[in-house]
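Peer 1: Below is the structure I would like to discuss, written out as structure tokens.
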4 protein chains.
Amino acid sequence: MHQDVIKRIKTIEGHVGGIRRMLEEEKYCIDVIKQIQAVKAALNKASKIILEDHMNSCVISVIKGDDQVERERVLQEITEVFETATKV
Amino acid sequence: MHQDVIKRIKTIEGHVGGIRRMLEEEKYCIDVIKQIQAVKAALNKASKIILEDHMNSCVISVIKGDDQVERERVLQEITEVFETATKV
Amino acid sequence: MHQDVIKRIKTIEGHVGGIRRMLEEEKYCIDVIKQIQAVKAALNKASKIILEDHMNSCVISVIKGDDQVERERVLQEITEVFETATKV
Amino acid sequence: MHQDVIKRIKTIEGHVGGIRRMLEEEKYCIDVIKQIQAVKAALNKASKIILEDHMNSCVISVIKGDDQVERERVLQEITEVFETATKV
């Protein structure tokens, strides 16, 4: 997933640069807001892929391991990013 | 967590009933929308608690178990609800 | 729109009642979370219809009127519900 | 608001560049997701300011004008960005 996600984030970087130029050229407000919403959708897609990868590597190895404190930590982190996902 | 979540959902049920009455009494639109947003925030809180509980019971036991298909399934489910959380 | 929205909210009320029963019957956590997310999507749809109606009645008449304080108030309210919409 | 928003978007552009570097340096997944969520929160703030400005200029002048088709268009646009705001 790694190269794919880096590529996605690079595209988003360019997209945000495009929004900056739209503002500098005083483009229509609603069109700017729509582009911001498109960037948010692209960020959602990227974070979903990153979480999927995290689940299939880090989370499995920690849970199968013997360190209970570490186990609780990784599961707590996932709940936290889920909670934040409902808020931004 | 069980009784706590049931109580939260009962409160939300009453809250939605209150929104229905606001509409029947033709209350001001923006006030109705604000109450709908309050219900959404309460649902976010409830689903966070449910996910937390799920992590600390079901997910741990499945991952520590030997059924790899089942393990992939529970992790995939969490990624799915995370993805939907960014969309609703 | 009025009767349509009341009907939608009644359906949501029933849906939340169904979620309460799922919890009482100790149904699978992820299925409960998915139903909560479905309720949120239905609430989004209802609030969109209410805002649309508000725009086409109240907002137009206030903006065309002479009360500048009132005008600023209705526009400020819309910005506020938009801001909250990005958070819940 | 103009310069303020351009500055915010520039900061976001730099923030996304920082996320790209985190991925290139293989930083911890959850930390990357948290930075993505921080960018989304910053985008929400920027789009709120842009909408506020749009309301107080374009929307008021169009609604006070005589072009009913144009009036419906600007109000419809706001409902659309509100609807999308509940989804991304």
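The values are calculated or read from the model by the stated rules, or taken from the named source; none is laboratory data. Small disclaimer: the values here were computed from a predicted structure and weren't measured. Using ideal geometry, Cβ is built from the backbone for each residue, glycine included, and neighbour counts are taken over all protein chains shown. Note: areas computed on protein heavy atoms with side chains; ligands, DNA, RNA excluded. Shrake-Rupley method; radii C 1.70, N 1.55, O 1.52, S 1.80 Å.
Peer 1: What single numbered condition from (1) closer than 27 Å to C:K45 by Cβ; (2) buried (at least 17 other Cβ atoms within 10 Å of the Cβ); (3) free of Cβ contacts under 8 Å to residues at least 40 places away in the same chain fails to hold for D:L23?
Peer 2: Status for D:L23: all satisfied but (1).
Peer 1: Do you know which residues across region C:56-70 are at the interface with another protein chain (Cβ under 7 Å from one of its Cβ atoms) and within 23 Å of B:R20 (Cβ to Cβ)?
Peer 2: Answer for region C:56-70, where residues must be at the interface with another protein chain (Cβ under 7 Å from one of its Cβ atoms) and within 23 Å of B:R20 (Cβ to Cβ): C:N56, C:C58.
Peer 1: Ok, one more. Looking at region A:27-37, can you tell me whether even one residue there is assigned to a helix (DSSP H, G or I), of a type outside the set (A, V, I, L, M, F, W, C) and farther than 18 Å from D:T84 by Cα?
Peer 2: At the first step, the residues of region A:27-37 found to be assigned to a helix (DSSP H, G or I) are A:29-37.
Then keep just the ones that are of a type outside the set (A, V, I, L, M, F, W, C); that gives A:31, A:34-35, A:37.
Restricting the remaining residues to those that are farther than 18 Å from D:T84 by Cα gives none.
There is no residue in region A:27-37 that is assigned to a helix (DSSP H, G or I), of a type outside the set (A, V, I, L, M, F, W, C) and farther than 18 Å from D:T84 by Cα.
Peer 1: Mind checking which residues of region B:28-50 are more than 7 Å from chain C (Cβ to nearest Cβ) and among the hydrophobic types (A, V, I, L, M, F, W, C)?
Peer 2: B:A38, B:A42, B:I49
Peer 1: On to the next question. Does A:V88 qualify as being part of a loop (DSSP other than H, G, I, E, B) and either closer than 27 Å to B:L43 by Cβ or more than 8 Å from chain D (Cβ to nearest Cβ) (or both)?
Peer 2: Values: part of a loop (DSSP other than H, G, I, E, B): yes; either closer than 27 Å to B:L43 by Cβ or more than 8 Å from chain D (Cβ to nearest Cβ) (or both): yes.
For A:V88, the condition - part of a loop (DSSP other than H, G, I, E, B) and either closer than 27 Å to B:L43 by Cβ or more than 8 Å from chain D (Cβ to nearest Cβ) (or both) - is met.
Peer 1: Which ones in region A:4-20 are among the small types (G, A, S) and open to solvent by less than 10 Å² (accessible area, probe 1.4 Å)? Let's see the steps before the verdict.
Peer 2: To start, the set of residues in region A:4-20 that are among the small types (G, A, S) comprises A:14, A:17-18.
Passing the criteria: only A:G17.
Peer 1: Which one of D:R73, D:R20 is more than 9 Å from chain A (Cβ to nearest Cβ) and of a type in the set (D, E, K, R)? Steps first, answer last, please.
Peer 2: Working: D:R20 fails: more than 9 Å from chain A (Cβ to nearest Cβ).
Sole residue among the options that is more than 9 Å from chain A (Cβ to nearest Cβ) and of a type in the set (D, E, K, R): D:R73.
Peer 1: When you look at C:V69, is it closer than 15 Å to D:N56 by Cβ, out of contact with any helix residue (DSSP H, G or I) (no Cβ under 8 Å at 6 or more places or on another chain) and in a helix (DSSP H, G or I), yes or no?
Peer 2: Working: closer than 15 Å to D:N56 by Cβ: yes; out of contact with any helix residue (DSSP H, G or I) (no Cβ under 8 Å at 6 or more places or on another chain): yes; in a helix (DSSP H, G or I): yes.
So C:V69 passes the test.
Peer 1: Something else: Please work out if D:E52 is of a type outside the set (A, V, I, L, M, F, W, C) and either in a loop (DSSP other than H, G, I, E, B) or at positive phi (or both).
Peer 2: Numbers: of a type outside the set (A, V, I, L, M, F, W, C): yes; either in a loop (DSSP other than H, G, I, E, B) or at positive phi (or both): no.
No.
Peer 1: Another question, then. Kindly provide the set of residues from region A:54-88 that are more than 14 Å from the chain's Cα centre (by Cα) and open to solvent by less than 10 Å² (accessible area, probe 1.4 Å), ordered by number.
Peer 2: Selection gives A:M55, A:V59, A:I63, A:V74, A:L75, A:T79.
Peer 1: Name the residues in region C:27-53 that are open to solvent by less than 40 Å² (accessible area, probe 1.4 Å), over 14 Å from C:I12 (Cβ atoms) and touching a residue at least 24 places away in the same chain (Cβ under 8 Å), would you?
Peer 2: The one that is open to solvent by less than 40 Å² (accessible area, probe 1.4 Å), over 14 Å from C:I12 (Cβ atoms) and touching a residue at least 24 places away in the same chain (Cβ under 8 Å): C:L51.
Peer 1: What number goes with the only condition from (1) within 7 Å of chain C (Cβ to nearest Cβ); (2) over 23 Å from A:R73 (Cα atoms); (3) among the acidic types (D, E) that B:D53 does not pass?
Peer 2: (2)
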